[in-house]
Each structure stands twice: as C-alpha cells, then as structure tokens.
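The values are calculated or read from the model by the stated rules, or taken from the named source; none is laboratory data. Remember, predicted model here, so these are calculated numbers, not experimental data. Because the Cβ atoms are built from the backbone with ideal geometry, glycine has one as well, and the counts that use them run over all protein chains shown. Calculation scope for accessible area: heavy atoms of the full protein, side chains included, ligands and nucleic acids excluded. Shrake-Rupley method; radii C 1.70, N 1.55, O 1.52, S 1.80 Å.
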Amino acid sequence: MTGIYEEEINGFSYYIFEEPRDLEYLLVALPDVGLVGSIAGLHLIRELGMKDVVGIDSYTALPPVVVIHKGEAKHPIRLYTGKCIGVLVTDVPIIPAALPMFVQSLVQFAKMSKVKMILSITGLGTPKRIEVEKPRLYALAVGREAEIEAGRLNPAKIENGMLVGPYALLLKEALRRRVPNLVLMVESFIDLPDPEAAAVAVESISKITGVDVNVSRLLEEAEKLKLRLKDLMKETRNVMAKMGKTYEYRPPLIYT
Amino acid sequence: MTGIYEEEINGFSYYIFEEPRDLEYLLVALPDVGLVGSIAGLHLIRELGMKDVVGIDSYTALPPVVVIHKGEAKHPIRLYTGKCIGVLVTDVPIIPAALPMFVQSLVQFAKMSKVKMILSITGLGTPKRIEVEKPRLYALAVGREAEIEAGRLNPAKIENGMLVGPYALLLKEALRRRVPNLVLMVESFIDLPDPEAAAVAVESISKITGVDVNVSRLLEEAEKLKLRLKDLMKETRNVMAKMGKTYEYRPPLIYT
Amino acid sequence: MTGIYEEEINGFSYYIFEEPRDLEYLLVALPDVGLVGSIAGLHLIRELGMKDVVGIDSYTALPPVVVIHKGEAKHPIRLYTGKCIGVLVTDVPIIPAALPMFVQSLVQFAKMSKVKMILSITGLGTPKRIEVEKPRLYALAVGREAEIEAGRLNPAKIENGMLVGPYALLLKEALRRRVPNLVLMVESFIDLPDPEAAAVAVESISKITGVDVNVSRLLEEAEKLKLRLKDLMKETRNVMAKMGKTYEYRPPLIYT
Amino acid sequence: MTGIYEEEINGFSYYIFEEPRDLEYLLVALPDVGLVGSIAGLHLIRELGMKDVVGIDSYTALPPVVVIHKGEAKHPIRLYTGKCIGVLVTDVPIIPAALPMFVQSLVQFAKMSKVKMILSITGLGTPKRIEVEKPRLYALAVGREAEIEAGRLNPAKIENGMLVGPYALLLKEALRRRVPNLVLMVESFIDLPDPEAAAVAVESISKITGVDVNVSRLLEEAEKLKLRLKDLMKETRNVMAKMGKTYEYRPPLIYT
Amino acid sequence: MTGIYEEEINGFSYYIFEEPRDLEYLLVALPDVGLVGSIAGLHLIRELGMKDVVGIDSYTALPPVVVIHKGEAKHPIRLYTGKCIGVLVTDVPIIPAALPMFVQSLVQFAKMSKVKMILSITGLGTPKRIEVEKPRLYALAVGREAEIEAGRLNPAKIENGMLVGPYALLLKEALRRRVPNLVLMVESFIDLPDPEAAAVAVESISKITGVDVNVSRLLEEAEKLKLRLKDLMKETRNVMAKMGKTYEYRPPLIYT
C-alpha cells in the first residue's frame, strides 16, 4: 500500500501502486453464480504469479474492510497484472445500490488503461449440474472483436434467457462506451463454489489470450476451495437475491 | 445492440437502432392484470414478424438485466415495429417508484415519434372469469380521436370503477401532453396469465389499426403460455400490490 | 377531462375544467373518522346535482389511480360545485407524508378562489356511539366569521381534547393564511362508515349555507352505504394509525 | 390563536400571541423519565394561573395535532408565562430525528427572549423507586450562574452516569450558545408518571425562582394524574427507546 | 466543559478545553472485539492520571448523550492527554453510517495536532481464547515509522485475513493522509470484555511510547470490569454485526 497515487473515478478511489501497461485483456472476476469468476481469477493470479498493482475502494459503497495478504494490508477490490492480462477481484460482494457507479467507474478505467477487451467470467446456474461431467461453455459478445474471439471458442449458444447482476450492467456500460466485452458463462452450481466450472473458464481464457495456464492444481484443490469459499458464496447468494437474480431462472417474454 | 445512438428522455436511456417511422399506433404492453397486455404484445410481434428498433433502459430504475434473444443481448424494455404499429414490451415489471418518470418519458417519446394514438392493453380482473366464455371488452378514451376509435369497437361501458397502475398514469400523462390514448380492457383472470383475454384484445387492435392479425396460434398455445409466464405473473402481482391495485376492486366514492 | 388548463399549486396539479365562481363555502370532505366528511360530501353532490369542475392530482403523493364515473375518467381528488358551495372529495386517503403539501396547496387554492370560509366535516370517535340515538354536533372555529357561524349552530362544546390528522393541519394552515375555517365534528363510530352522523353534518351545512338539503335519502341508503364504503374505511383506518390518530383518544396534558 | 405574528426559528414556527417579557427562568418540561418535567410544568401553569403566549409547531417534525383547551385550538408545544417564569410544555413527545433542530431552535428563542437561565426538569429512573419515601434531587449545571443556583439547592451528587435524550442535547446546545442551564433530576419511576417526584422538582423551582408554589394539590391529585397521563407515558417510553435511553441505565466507560 | 472554543472538523464538533501539545502518540480506543481498545484506554487514563482536554460530539451522528464523570458533564467522545500520549475514548459505539465521516475527521485532527503516529488497539477474535493463557500480539503497520515500531514488538504475523470496522477505515484514511498508523491486535474473546488481552496491549504501548504503565491493577479488577462493561459489549456487538464484522471470521479470496 506504499508509493501510491490516488485517482477518483466516478465515486470510487483507485490507488495506483504501479501503472498497468500493455494490458490487452481485463478479466473481471466478481462474486456471482458458483463463484466461477472469482475462482478462475484466483487461479490465474496464483498460476501466473500476478502482482496487485491497483487497489480500488470506497468508504460508502463497500463495507469497512482491509484485506491482509502475507501480512500486508490491501484494498478489498484489487487489480492484478501479468503478461497481457489484468485480473480484477474483490473480497466482498458489491451491494446492488453501488453497482451502477462501480461498473461505470470500471469501464472508464478500462478505457483509460487502453484495454482491448473486457472478459467477464461467470457461471450459468444449472439445476442438473451434478449430472454434468464436463460443464459446457456459453458466450455472449458485445462488439465485433468480442464476437470474433467468441467464435474461436466454439461455445454453445444461448437461444433465450436473461443475464442478471453485475455482468449485465457491465455488458451494457461496455456497449455504451464502445469497449468490446465478451461474457463467458460456464454451466455451474448456483449456490456452491464450482472449481470444475472455473477450470473450463480458465481454458477458454488461455485460448483467447494465448497465455497458457495449467488447471491441474485447480482441480486438485477443488474440495479445499469449496470449503474455503463457502462463506463468500453465502454472502454472494444474499446479494444476488436482492438484485433480482431469480429473473435469470425464468423465460423471457419474447421467444421464437 | 450495434450501430446505435442513445437519447436520454426524462431519466431513461433510449437506444435507437433504427429510427421508427410512420408509426401510427403505439401499443403499450406492460405487465398488469392477467398479463393481457404482455401476451397481446408478444403475439403481435411474432405474428407480424416485428423487429426491435429501440431499447429502453435505466441503471437505477430497473434491475440489472440483459435479455438474450436468439443469442443476442437486448435491453429489458424494447420497442418493436411493423406496418404502422409499434409495440412496447418489457421483460421486467416496472417498480412503482419509477413509474412516473417512465410514463413521462414514454409519452414524450411518443410525441417525438409523432405517434397518432397510444393504445393501452390490459385486463379487467373478474372474480367470475372462469364462468365467462368470451371475455367482454371495455374501453376508456382520452381525446376525440380515441373516443371515435373506441366507438367503432362497440365496447361494454364501465359505469363506475377505478383504474390503478401504469395505465392510469399513462392515461393522465397522455391527457396532459394531449396525445390521444385508448385503454382497452378485457375481462380476465387477475393473477393468472390469460391468453384468451389477450386474443380478444388482439382482435380489437386488428379492427382499430386495420392490420389483420390471426389469433388461432395464440389460442392453440394458450396452455403453454400460462406455464411459461407464471413467474412474470408472480412478479407482476407483487408490484401491483405495492401500487395499491386493490383500489381497483372496490367501488369509488361517488355513484349515481 | 377535456378543455382544461393546468395549474401547479405547491406540488399538486390542479386541472381546471371550469373556473369556479361565486364560491362562498369550500366544504372539505376527506376520509377520516367514520367517513363522516366523505359521506356528507357525497350526499351534497348527489342531492344538489353538483358538477366536478376541478381535478386535483399528483404523480408522487397519490397512488396511480384514475376514477371512472359514468364511463368518464376522473382525477382521484375533485372539486364539485353547485349554488354557493364547493365540495372537495377524494377517492383515496392522502398519505401522512403528503398531507402538509396538500393542505398548503388547498388553502392557497381557497384564497385564489376567494372562498369565504372553509368548512371541515368530520367525525368525533365515540366508543359508546351505538347507544347514541341522535349524534351530537361539536364545532371548532378559526377566525371571527367562523365563530359567528359556529354560534348559530349551537353546538356542544369540546372542553379538552385533541384533533389529529388532515383537519388539524388544515385548521393550522387556514389560521396562518387567515382563511376562516369552521370544523364541524359529529359524534360517530371510529372504524365504521356512519351515515347517520353524516346526516347531522349535512343539516348543519344547510343551516350555515342557507342551501336546503334533504337527508332522507341518505338515511334510507345508510345500510347500503356502510357496505359500499367498508374498503375505503379500512384504508382510512390504516392511514389514520400512521398519523398518530390515537392521540385523539387520550387526554391532553393541560386541563382546568 | 388570534392576533398573532409568526417567526421561523431553525425550522420551527413560533406563533407569538403576546411578546414574553421579563422572563428570567425558562422551565423546559418535555416528556421524559416518569414525566417528571411535564407534571411539574402542568402544576406550575395551573397553580400560578399562567397564560400561553407562544405556540410552537412544525408540519413535518411533529404529528398533525391541534390541542383543544377550554374549547380553543392550541399548538401542540406552548410557552406559558407568569411572574418571571416561562414554562414550555408539549402535548406530544418529540421524535428523535427532530430533536436537534428543536433544541437549537429553543435555545435561540431563549437568547432572543433574554432568558437568564434554562431550567430542565426530569426524572432519574430508579429501579427501587417504590422503596423511596422522599425522592432525592440531583443537579447538573452548565455555566457559573447555574452552578451557583444548584449549590443553593444542596442536591445529591451524581458521581458517574449518563444523561440521554432531549435534556442532554439541550444542555450541550446551551453550553455552545453560552446560556446557563441547570438540569434538575429527581429520583423517579422510569415508566410510570411520578407526581411525587414532580412535587420535589416544584419545590426546588420555588427556591430558585423565589416564586412560592404550593404542591399540596399536586400530591392530592397524584393518583388521578397517574391514570390521566398513562398514554402520554407510553408514547414517551417508545420515543425514549428509539433515542438510546438504555444508555442511561449502564455505567459509563471511565470511572475513578 | 467551560473555557472552550469549538472547531468543526468534517461534520464533527471538537470542543477544545486545552490545546493538546507535544502529542507523539494518538491511541485510538474504540469499542470493538473484546473491548480490548476501550479497556486499554481506560487503564492508561487512570494509571497515568490523564486529563480530558478535547470533547468530540455530533448532534446527528451520535445518540443524544451527556456523560457525567465526577459530577461534571462531558461529551461522549473525549481525548485525554498525559506525557506524550493522547487517548481517544468513546462511551457509545459509533454507528456504521457515521464511521467514514468520523474517521476522516479524526485523521485530520491528528494531522492538525502534529501527532507522530496513530496507535489502534483492538482484539483479534479467537474462538479458542479460553484455552489461551497469554494472548498473542499481532501487528499491522502503515508507513515506515509504524513498521519500525511494529518490528520492535516482535509480534506474531497475520498471514491472511481481514480487518473489519472502524480500525480498517482508520488505517485506510491514515494511509491516504500519510499519517503512520500501527494497528495492535491481541487475541481475545469476541463478545466478552477481555481485560487480560487489554493488559497485553498496554504492555506493548509501554514499549512503544517509553512510558511505563503497570498492569497489575487492570488484572486485579478484571472480573469487575467484565461485569461493568457487559452492556457496552452488547451494544458493540450489535454495531459490529451491522458493519459486516463477520467478514473477519472467514478467509479472504486470495491465498498463497
């Protein structure tokens, strides 16, 4: 937390410890269905030995929290970088009332950092997840570049449905500000941390970014992770309920 | 969601994908009693092969939702057009606190688009709906043009009663801004999606607009629709309760 | 609702269909104890064949309601006029948070209309109402003219007590703006519509205004009215509770 | 309520019926522990034949209440004067959210009226009150003049404790605005009106002001008063709970 | 409370009775886990015979409370000084909504008073506290000077974890304003006052400040203190729950 300068972006404070450079992909890993994004982000940070270069915080929109990692104080939201990838993780779910401001601030930061594409990673809640061996990947793209990348992954197609929560807002704001955004959704448990689904997400990220990331450690530690993250999952579940996440599990009005 | 420009109207964002032209009738299909409006809107869009040309959204007044249709991301409120008709549908009920702003924004948009008449479609909750074979049509008109159209439909007459919710506000705002508004109400179930009532509404819309719309598919798919829309109905019920919808089921003070 | 102009008075919209002229008495008939005011207002409007000339509304302070009377759309608060009398009625109780603004707007309107006196009509909740054959009339006057009129009615005297709710605010605002205000209170049921008490109020209004109004129809229809108004009574009860109406049923601090 | 002028002081309206002159002591009698202040105030007003010369009110901070006394309408908060004493009483407890504004307005009024000292009268809740025959008097003084007066009463001393509620705020505001303030606390019941404790307070007020006030009538009417004031006591209890009155019954952090 | 001047710092009022001079260490003793900070502060104040020189208060952010100590009225938050140490204590927990403003105001005051270092004293909740004989000390430092002091204490190291509540905000604000801040955490009970843990904290403060403070009296009075402070502990527990204190008892996302 030393040697910093601070930047105010749309009501959030960005503490810049090191200027992020040559970022091509900004992977946004927020707590959501199955914690798929958070787990994938955690794995990338550890596997690639990424370094936290930006801390993001707010006295009013976030709970009064300091994260301690290796004896050092950290902000609850952090950007880690390594190779051409930035990974944004948060230790506390963002409350619904603060989401619009946070998402707007994040897209503005992405533009300022000249990120080429925002990658959103999340789970697609599947009631029959337990019967699925290899969870399927779905994609939703905003902007031409994102569509091309999505095509290379050969994802399954969502015919009709709804996306609810932080990634829905992020997609809309990316569209408004013309930042390409690719949303990767992996079939997952709804209310349980799902490291196997996260592994599928990590493999896709490898393909897109060209940065090879091994997922064997993630799969080995799967059980330990489920236990470790059960409280974050519970907090996330509460926040999702307040956000109208249930919309995601009913059909939209219009269909073919 | 590409090739757009954005317009801010009274706190709501209008994403214009294609300039709506030659709109004569703006059919407003909001979730209300029996989902009569939503179902009628859905049927017109599919039967006439309408195209969504405007997306309407708000980060604060609506939940953080993206609708996916045929693999494409859409805003939760959308305007579809075809022939001389525009159909406005929403995938999520609008919360009472946001209604005044939304309705004002909508009437302003109608004026900007030079719409000739706003058609409001909804149900008239009837406790004995189950015994009714062919639900009756009622009409309430604001403005001379609307009265003339209403007359052509030969609707039943509401002697005394109350209209509560989005269509009540819309009627008042239309009056203030001098946009003709015809409210079509069809006898319907209160808390169950009612495709048969919607079919009656569609037939009236055909008569008014002169655009022929077959309702056989709507009647065939009735059971499927009831199932498909049960969650939206439930959400709508909660919103209606907060809006004082119960006023609608008691007599007004003054009577003959 | 046609041929109107609109005037904004202290946050409420006044839709003027016909300029009220030569109004001497503005009878304010708000839902309160026993619905005495509302019932008296209803009876005068019907008996004198009064006409609604002003609609009053607010998108934020009132629920989204349109009243339908003889097939025509009406605002929830309306002023009816006939002879030298104006009667203000509302179809929905006004929530406590909106009362100060509404009352201020109303007194300002009374001044603009050059009303000579505001007549407030309400019930005085009596636990032993059932044993009372002819409910007694009480009066409370602000301003010399109101005191003189009160004297002519020879009302019973309230030694000590409290008046709580819309008529308390109205009395205070009338005092501030120097508009004479006479509050007529008739012994009544608290939580039941009380047409017999309303009949006593109507007789007093006849005496004050010099306009003869027969109450026989009111008494004949009493049972029907009690049934018809039971929902409005229930809504009013809820609003009264939030307003601290219970203060009315306990002694004030100071006594002789 | 006639012949008045109105003054706005810090959000409260002061209706001046008669300019208060030569006030030396402003006795503030707010509903608090045992209603000791309210009862003492009531007794002084009646015993000295005091006259209400100022009405204090607020449309938003107080419930919509008019007090009727001897057939006349009154504001819920009133200042009575007689000899060199002013007594401020209120018929409704002041809600916590409105307290800061009210207290600031009151001290400003005291300064404008050139009051020499504010006397606060309240109870000191004692669980063993029932065993106490003659309740003891405690005092807390702000400013030299108040300390001198306190000394003359030879009160018991509060070593450690907390004062919570309107009188705590009043003491702090008096200090800020350099108005001497003497808080007299008499051992009393917490949740029951305590006329005996009020009698002790009245005796102290007699000593301080030099105005002789007999307390025999107060003691005779004690039982009647307890019954009469039980509802005000209940309302006060609710307001005290919201204000954190329980702090008063636990020891402070620092002690000798 | 006399002879004062008042300073407004970020929405809080600072009543300066005596200008604090030559303060090197500002010990912040807020109610938190095990009341470790409050108890340590209390002990220092009594053992060193410290004097309260500044009172801190707010009409809106704090409950309406006056603290009485030795018969004198005091503000609920107070700064005591003695030697080179200032100790800030509060008699009421600060509600979450007021924390950001309070912490910002406090750091600004620390800068204005030219404090060299802010010492935060709190407990580290340990479920197995009962089995621990000598609670261990942990430290978290912001700024070089704080790190050096921390090193001299040879504290245990927190590898991974979270710090939640007032001390987390204080640490972040100290960092922003570049005031060295050393957070001392002692293993303690979560929901019980823990004088033994406070004794460990006091010993560390002795080492850092060079001011010798005997803890024998603290340990002798331990049982008495636990009883005396049980209500403050209960209030603190409620406030901690609202602040998301539970985050402190689950692992953070990122680990080695």
Practice item. Kindly indicate the residue of segment E:86-96 that is of a type in the set (A, V, I, L, M) and within 14 Å of chain A (Cβ to nearest Cβ) and also surrounded by the most Cβ atoms within 10 Å (Cβ to Cβ) among those meeting that condition. Key: E:94
Check your understanding: Out of all the residues in segment B:67-77, which are without any contact (Cβ under 8 Å) to a residue 40 or more places away in the chain and either farther than 17 Å from residue B:6 by Cα or away from chain A (no Cβ under 11 Å) (or both)?
Key -> B:67, B:68, B:69, B:70, B:71
Check your understanding: In this structure, does residue D:47 turn out to be among the acidic types (Asp, Glu) and modelled with pLDDT under 95?
Key -> no
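Residue by residue, here is whether (1) of a type outside the set (Ser, Thr, Tyr); (2) crowded, with 24+ Cβ neighbours inside 10 Å holds:
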position: D:36; (1), (2): yes, yes
position: D:39; (1), (2): yes, yes
position: D:47; (1), (2): yes, no
position: D:52; (1), (2): yes, no
position: D:56; (1), (2): yes, no
position: D:59; (1), (2): no, no
position: D:75; (1), (2): yes, yes
position: D:84; (1), (2): yes, no
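So, in segment E:42-61, how many residues would count as being facing chain D (nearest Cβ under 7 Å), more than 19 Å from residue E:87 (Cβ to Cβ) and not β-branched (Val, Ile, Thr)?
Of the residues in segment E:42-61, the ones facing chain D (nearest Cβ under 7 Å) are E:42, E:45, E:57, E:59-60.
From what is left, the residues that are more than 19 Å from residue E:87 (Cβ to Cβ) are E:59-60.
From what's left, not β-branched (Val, Ile, Thr): E:59.
Of the residues in that region, 1 qualify.
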Point to revise | Positions within segment B:209-256 being touching a residue at least 60 places away in the same chain (Cβ under 8 Å) and either of a type in the set (Lys, Arg) or touching a Gly at 6+ places or on another chain (Cβ under 6 Å) (or both), in sequence order | key: B:217, B:242, B:243, B:245, B:250
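Please state which one of C:116, C:128, C:134 is at pLDDT 95 or above, away from chain D (no Cβ under 14 Å) and open to solvent by 90 Å² or more (accessible area, probe 1.4 Å).
On the way: C:128 fails: at pLDDT 95 or above; C:134 fails: at pLDDT 95 or above.
Criteria check complete, one pass: C:116.
Can you go through A:143, A:161 and tell me which one is free of Cβ contacts under 8 Å to residues at least 40 places away in the same chain and either over 14 Å from residue A:33 (Cβ atoms) or surrounded by fewer than 24 Cβ atoms within 10 Å (Cβ to Cβ) (or both)?
Working: A:161 fails: free of Cβ contacts under 8 Å to residues at least 40 places away in the same chain.
Exactly one of A:143, A:161 is free of Cβ contacts under 8 Å to residues at least 40 places away in the same chain and either over 14 Å from residue A:33 (Cβ atoms) or surrounded by fewer than 24 Cβ atoms within 10 Å (Cβ to Cβ) (or both), namely A:143.
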Point to revise | Only listed residue being over 30 Å from residue C:210 (Cα atoms), under 15 Å from the mean Cα position of the chain (by Cα) and modelled with pLDDT of 95 or more, chosen from C:79, C:42, C:99, C:30 | key: C:99
Review point. Which residues, counting only those in segment A:78-124, are touching a residue at least 40 places away in the same chain (Cβ under 8 Å), among the aliphatic types (A, V, I, L, M) and over 26 Å from residue A:147 (Cα atoms)?
Key: A:92, A:94, A:95, A:98, A:101
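For segment E:98-108, enumerate the residues that are out of contact with any Lys or Arg (no Cβ under 9 Å at 6 or more places or on another chain) and among the hydrophobic types (A, V, I, L, M, F, W, C). Reasoning before the result, please.
Filtering segment E:98-108 for residues out of contact with any Lys or Arg (no Cβ under 9 Å at 6 or more places or on another chain) gives E:98-102, E:105-106.
E:98, E:99, E:101, E:102, E:106, listed by residue number.
Does segment A:82-96 hold any residues that are more than 20 Å from residue E:163 (Cα to Cα) and under 14 Å from the mean Cα position of the chain (by Cα), and which are they?
A:85, A:86, A:87, A:88
Check B:121, B:130 and return the single one that is assigned to a helix (DSSP H, G or I) and β-branched (Val, Ile, Thr).
Working: B:121 fails: assigned to a helix (DSSP H, G or I).
Of the residues listed, the single one that is assigned to a helix (DSSP H, G or I) and β-branched (Val, Ile, Thr) is B:130.
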Exercise for review: Return yes when residue C:64 is within 30 Å of residue C:241 (Cα to Cα), within 13 Å of another protein chain (Cβ to nearest Cβ), open to solvent by 10 Å² or more (accessible area, probe 1.4 Å) and free of Cβ contacts under 8 Å to residues at least 24 places away in the same chain and no when it is not.
Suggested key: yes
Revision key, fill the gap. Okay, helices (runs of 4 or more DSSP H) sitting entirely in segment E:143-256 with 2 or more residues that are more than 17 Å from the chain's Cα centre (by Cα) and more than 10 Å from every other protein chain (Cβ to nearest Cβ), I get E:144-153, E:216-220, E:222-228, E:230-242
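For segment C:97-113, enumerate the residues that are open to solvent by 40 Å² or more (accessible area, probe 1.4 Å) and either within 11 Å of chain D (Cβ to nearest Cβ) or charged (D, E, K, R) (or both).
Initially, segment C:97-113 is screened for residues open to solvent by 40 Å² or more (accessible area, probe 1.4 Å), giving C:97, C:101, C:104, C:108, C:111-112.
Scanning segment C:97-113 gives C:97, C:101, C:104, C:111.
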Revision key, fill the gap. How many residues of segment B:12-31 are of a type outside the set (Asp, Glu) and closer than 19 Å to residue B:179 by Cβ? The answer is 11
Practice item. Evaluate the following for residue E:181: is it open to solvent by less than 70 Å² (accessible area, probe 1.4 Å), at pLDDT 95 or above and under 30 Å from residue A:50 (Cβ atoms)? Key: yes
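Tell me yes or no: at least one residue of segment D:4-24 is farther than 22 Å from residue D:169 by Cβ, of a type outside the set (A, V, I, L, M, F, W, C) and at the interface with chain C (Cβ under 9 Å from one of its Cβ atoms). Walk me through how you get there before you give the answer.
Applying the first criterion (farther than 22 Å from residue D:169 by Cβ) to segment D:4-24 yields D:4-6, D:15-22, D:24.
Still in the list and also of a type outside the set (A, V, I, L, M, F, W, C): D:5-6, D:15, D:18-22, D:24.
Next cut, at the interface with chain C (Cβ under 9 Å from one of its Cβ atoms) only: D:6, D:15.
Yes, that holds for at least one residue.
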Check your understanding: How do the pairs read when you match residues in segment E:46-57 that are more than 15 Å from residue E:218 (Cβ to Cβ) with residues anywhere that are open to solvent by 40 Å² or more (accessible area, probe 1.4 Å) and charged (D, E, K, R), using Cβ under 7 Å and keeping only pairs 6 or more apart or on different chains?
Key -> E:53/E:18
